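Q: Could you have a look at this structure, given as structure tokens, before my questions?
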Amino acid sequence: MTAPTMAPPVSEREARDVAEAARETEWHAPSFLAELFGGRLRMDLIHPHPEPSADDEARARPFLEALERFLREKVDGDAIDRAGKVPPEVIEGLKALGAFGIKIPREYGGLGLSQLHYTRAIAMVSSVCGSTVALLSAHQSIGVPGPLKAFGTPEQKKRFLPRLAKGAVSAFALTEPGVGSDPAAIQTVATPTPDGEAFILNGEKLWITNGTIAELMVVMARTPSVVVNGKERRQITAFIVEAGWPGVEVVRRCDFMGLKGIENAVLRFTNVRVPRENVLWGEGKGLKLALITLNTGRLTLPASSVAAAKRCLEISRQWANQRVQWGQPVGRHDAVAQKIGRMAADAFALEAVSELCSTLADKGGYDIRLEAAIAKLYNSEHAWRIVDDTVQIRGGRGYETAQSLKARGEIPWPVERIMRDFRINLIFEGSSEIMHLFIAREAVDRHLKVAGPLLDPRTPLGTKAAALLRTGVFYAGWYPSRYFGWGRWPRYAEFGRLATHVRFAERMSRKLARTTFHAMVRFGPRLEKRQSVLFRLVDVGADLFAIAAACSRAEMLRKRGQPEAVELADLFCRYARRRIRATFRTVFSNEDTRTYALARQVLDGKYTWMEAGLV
Ligand SMILES: Cc1cc2nc3c(=O)[nH]c(=O)nc-3n(C[C@H](O)[C@H](O)[C@H](O)COP(=O)(O)OP(=O)(O)OC[C@H]3O[C@@H](n4cnc5c(N)ncnc54)[C@H](O)[C@@H]3O)c2cc1C
């Protein structure tokens, strides 16, 4: 048995340098969240709520209707869970519907639908079977079609996209036994052949979804380092690899807590010859490609989270009406009613966040990277709580499998499976911790650009003096503008009852920017290490985004004749406001230092005596 590499083969600084080199450093298009972290609530960027064009809707409708019929008639999520396999007829049926090429342009044989309709399709599949979602999503959210469409040469597109649209399953291979969240340590190597015509690929990839059945995959590998400013820079390159090539081997199929039908594998590459024309985008651009692909790729999980939240709401509503204990339906007992009320309000906000982000991605001319990261983080975390509450509301039945419920003649609501299938959403495609860090990095970017040299202890004294002057001039204008502003009546009156929440968001966005600045001043370069402080700032930003999205969506629905949407948005905002106030209170007043110190002692083995008594 081999243990995963525990010691990092690269230093912390090297890992950070690699991540920084892959960052998109410029903001070429507007972003609501970039503005929000800078202290400005730009409702004009998201409101009125963007809507898909009538043409897009008309093109998507027949596919979505056919998909719905297919899911109802042919896909049994519980049977797939028990068998541990998505049956071939389901995969073939999905191929026939075009479900493997939803976003692939029509000229290449795909359906050419929008991001919004793609995520709606994924949400529909999610409501039936998590394993089937994993298959479709690994293929087209992160697999070959996405990066190929964005970065492929016309020749590469012609070669691969029609195959992929017809259903040649694809995968995305980044993770390795020693490489999880930190891609700098990639051990898979691609060595150029002496004639420069190809690369020889060697290495092992872990947990590759679709790995057992994929025909094509994007593989991330190290290529020879380059020297930049006298320093070695690690290069990571993306390759399109055919699973059928000599030297590509499925070592084993992995098995998980949930998603029992997922085709996930350990893959080994032994002297695999990859022609140079299979390099995607260019040597050394692999990590940037992965990050950019994930900007929109990440929008799938927020939509799956919405589906889980809605399914849970449906089950909780029915069960809490039906189940009588202590003389009345359990839904009338305050403790259960509180859960259901919050569940409905939260589910509304999660859908607002997901739909808003997908429509913004379709609109173009909008930088979606922060929105997608927050949507992934926020929706998966909040939906997980909804799933947990649903298990609680179902009581013992929440813990019982659907098959066992059915055998006893009860409705086989698959809450137990939903919980098992859902948990991974907080880990893959960027764990919650990594999403927090990614967002925090962008949130402090403006400050780093201005005050970075001043805060960096390595900056020479002369440069520091110039930086001090520049920084002083910038903040003399910036800081007062983030203090004074009008976030009170009658601003945002067009939101009616919800205007008070939008005004709150305006005031709090300025407070968020100020608090971020205070944190920079207080901790200086050490802020990077104070993850809990950064995470709180991100959580405030996420809640403010959700308030804005929920108000905008409620307003759109109200105008369409659904006034009760305002009720849902209002309750959601009230809870979010309480959370925001509480989070602000703990940004600087907390037990972080003490907790960190205790954790260090735990890790050093000081409390192993507590583990006594276990067998
Ligand atoms: C079912 C499944 C399917 C998957 N599919 C794919 C796939 O198709 N392709 C692919 O390439 N990969 C895939 N993965 C891998 C997945 O993306 C990784 O599990 C994920 O990136 C996290 O890496 P890790 O598990 O090694 O965790 P680690 O990186 O080892 O992290 C362990 C813990 O530490 C935290 N952590 C790590 N670094 C930091 C830090 N700097 N600050 C604070 N906290 C930190 C993490 O958030 C996590 O909680 C899959 C995994 C699973 C389980």
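Each value in this text was obtained by applying a stated rule to the coordinates, not by laboratory testing. Not measured: the values here are computed from a predicted model. We place every Cβ from the backbone using ideal geometry, glycine too, and count neighbours over all the protein chains shown.
Q: Please give the calculated 222 nm ellipticity per residue for the chain, where each DSSP H segment of at least 4 residues contributes -39500 (n - 2.57) and the sum is spread over every residue; nearest 500 deg cm²/dmol?
A: Mean residue ellipticity, 222 nm, calculated: -18000 deg cm²/dmol.
Q: While we're on this one: Which of the pairs 288/310; 288/449; 339/511; 260/363; 288/376; 85/406 have their Cα atoms more than 28 Å apart in this structure?
A: 288/310; 339/511; 260/363
Q: Shape of the range 259-323 from its Cα gyration tensor (a ≥ b ≥ c, root eigenvalues): rounded if a/c is under 1.5, otherwise prolate when a/b > b/c, or oblate?
A: Cα axes put the range 259-323 in the oblate bin.
Q: For residue 433 and residue 189, what does the FRET efficiency come to when R0 = 25 Å and r is the distance between their Cβ atoms, rounded to the nearest 0.05?
A: 0.35
Q: Using a Debye calculation, one point per C-alpha and no hydration shell, please list log10 I(q)/I(0) for the range 554-615 at q = 0.23 Å⁻¹ in order.
A: -0.92
Q: For the chain, calculate the relative contact order in percent as a whole number, restricting contacts to Cα pairs under 8 Å that are 6 or more residues apart.
A: Relative contact order comes out at 15 percent.
Q: Give the residue from 612, 487, 498 lying farthest towards the positive end of the charge dipole for the range 467-615; charges sit on Cβ (+1 for Lys and Arg, -1 for Asp and Glu) and the dipole is referred to the Cα centre.
A: So the residue we want is 487.
Q: Separation between the residue 465 and residue 227 pseudo-spin-labels, each 7 Å from Cα along Cα→Cβ, expressed in nm?
A: Between residue 465 and residue 227, the label points sit 3.4 nm apart.
Q: Return the ratio Rg/(2.2 N^0.38 Å) for the range 114-241, where Rg is computed over Cα atoms only.
A: Scaled against compact globular proteins, the figure is 1.19.
Q: How large is the dipole of the chain about the Cα centre if only Lys and Arg carry +1 and Asp and Glu carry -1, each at its Cβ, rounded to the nearest 20 debye?
A: My answer is approximately 1680 debye.
Q: Roughly how many debye, to the nearest 20, is the charge dipole of the range 206-315 about its Cα centre, given +1 on each Lys and Arg Cβ, -1 on each Asp and Glu Cβ, and no other charges?
A: 380
Q: While we're on this one: State the Cα centre-to-centre distance between the range 207-252 and the range 286-344 in whole Å.
A: Value for the Cα centre distance between the two parts: 37 Å.
Q: While we're here: What are the ³J(HN,Hα) values, in whole Hz, obtained from phi via the Karplus relation 6.51 cos²θ - 1.76 cosθ + 1.60 with θ = phi - 60°, for each residue of the range 203-213 in sequence order, with x given for Gly and Pro?
A: Each residue of the range 203-213 in turn: x, 9, 10, 10, 6, 8, 5, 6, x, 6, 10 Hz.
Q: Please give the net charge around residue 467, taking every other residue with its beta carbon less than 13 angstrom from that of residue 467, where Lys and Arg add +1 and Asp and Glu add -1.
A: Residues close to residue 467 contribute a combined charge of +3.
Q: Something else about it: Ranked from highest to lowest mean number of other Cβ atoms within 10 Å per residue, what is the order of the peptides 141-149, 291-299?
A: Packing proxy ranking, top to bottom: 141-149, 291-299.
Q: Considering the zone a paramagnetic label at residue 521 would reach in this model (a point 7 Å from Cα along the Cα-to-Cβ line), which residues of the range 454-487 have amide N under 18 Å from it?
A: Taking a point 7 Å out along Cα→Cβ of residue 521, the residues of the range 454-487 whose backbone N falls under 18 Å are 454-456, 467-485.
Q: Assuming a ≥ b ≥ c are the square roots of the Cα gyration tensor eigenvalues, decide whether the range 371-460 counts as rounded (a/c under 1.5), prolate (otherwise, with a/b larger than b/c) or oblate.
A: Prolate shape, in that a/c is at least 1.5 and a/b is the bigger ratio.
Q: What is the list of residues in the range 326-360 whose amide nitrogen lies under 11 Å from a point 7 angstrom out from the Cα of residue 579, following Cα to Cβ?
A: Counting only backbone N, you get 346-347, 349-350.
Q: Could you list log10 I(q)/I(0) for the range 208-247 at q = 0.32 Å⁻¹, which the Debye formula gives when each Cα is one point scatterer?
A: -1.07
Q: Work out the charge dipole of the range 330-419 with +1 on the Cβ of Lys and Arg and -1 on the Cβ of Asp and Glu about the Cα centre, then indicate which of 366, 409, 390 is farthest towards its positive end.
A: Working it through, the farthest residue towards the positive pole turns out to be 409.
Q: Taking the Cα centre of the range 512-575 as the origin, how large is its charge dipole in debye, to the nearest 20, when only Lys and Arg (+1) and Asp and Glu (-1) carry charge on their Cβ atoms?
A: 340
Q: Work out, step by step, the length gained on full extension between residue 610 and residue 257: first 0.36 nm times the residue separation, then minus their alpha carbon distance; give nm to one decimal.
A: 124.3 nm
Q: Right, next: Can you tell me the FRET efficiency between residue 69 and residue 494 if r is taken as the Cβ-Cβ distance and R0 is 60 Å, rounded to the nearest 0.05?
A: It comes to 0.90.
Q: On a C-alpha basis, how far is the centre of the range 427-455 from the centre of the range 39-83 in Å? Whole number, if you could?
A: The distance from the Cα centre of the range 427-455 to that of the range 39-83 comes to 31 Å.
Q: Once you wrap a convex hull around the alpha carbon atoms of the chain, what is its projected area averaged over all directions, in nm²?
A: 32.0
Q: State the percent of C-alpha pairs, over all pairs in the range 315-451, separated by a distance greater than 21 angstrom.
A: Of the Cα pairs, 56 percent sit more than 21 Å apart.
Q: Regarding the range 456-502, what are the three Cα extents along the principal axes, ordered largest first, in Å?
A: Principal-axis extents of the range 456-502 (Cα, largest first): 55, 18, 11 Å.
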